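*Asks:* One structure coming up, written as structure tokens, with questions to follow.
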Amino acid sequence: MRIRLPSVLALSAVAALSLGVLACTEREQDQTAAGADAAGDNAEVAASEAGQELQEGAAAAGEVLESGAMKAAQAVEEGAGNLADRLEENQAEAAAEGRPGATPPSE
């Protein structure tokens with residue numbers, strides 16, 4: 001649920017001002033003020049809930065990114081290990097054949 005804080009606050013302010021203009025007696029003005037306070041409280045709660053949802057969404061996105069990074073790092077590590085093994089096999093084969101520049105694998 002996407003709630004825009006400025007639009008909620010603006011709507012609350014417009015509603016409070018509209019009611020305030022229509023209120024004539026002190027009692028009506030007090031009721032209007034109480035309504036405006038309640039609208040402000042509702043806007044605050046909505047903003048808090050929206051912030052919490054954003055925080056939870058960001059945390060979930062961070063976990064997904066972390067998982068993907070771990071998988072990528074494991075794939076790179078595995079690929080590097082495979083290449084090292086192939087290089088070592090090629091060096092051993094070249095050394096066994098006596099090719100110049102080949103170094104025997106350390107045992």
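None of the figures in this text is laboratory data; all of them are computed from the coordinates on show. These figures come from a predicted structure and were not determined experimentally. Reconstructed Cβ throughout: ideal geometry from the backbone, glycine too, with neighbour counts over all protein chains shown.
*Asks:* Provide the per-residue ³J(HN,Hα) series for region 53-58, in order, calculated from phi with Karplus coefficients 6.51, -1.76, 1.60 and θ = phi - 60°, each as a whole number of Hz, with x at glycine and proline positions.
*Replies:* Using θ = phi - 60°, the values come out as 5, 5, 5, 5, x, 5 Hz.
*Asks:* Still on this structure, please answer the following. Which whole-Hz couplings ³J(HN,Hα) result when phi for each residue of region 91-98 is put into the Karplus expression 6.51 cos²θ - 1.76 cosθ + 1.60, θ = phi - 60°, listed in order with x for Gly and Pro?
*Replies:* With coefficients 6.51, -1.76 and 1.60, one gets 5, 5, 5, 5, 5, 5, 7, x Hz.
*Asks:* Once you list every other residue whose beta carbon is under 14 Å from the beta carbon of ASP37, what net charge do they have if Lys and Arg are +1 and Asp and Glu are -1? Before the final figure, lay out each step's value.
*Replies:* On the way: positive: none; negative: ASP30, ASP41, GLU44.
The answer is -3.
*Asks:* Spin-label point model (7 Å from Cα, Cβ direction): what's the ALA84 to ASP30 distance in nm?
*Replies:* Each label point is offset 7 Å from its Cα along the Cβ direction, giving 8.1 nm.
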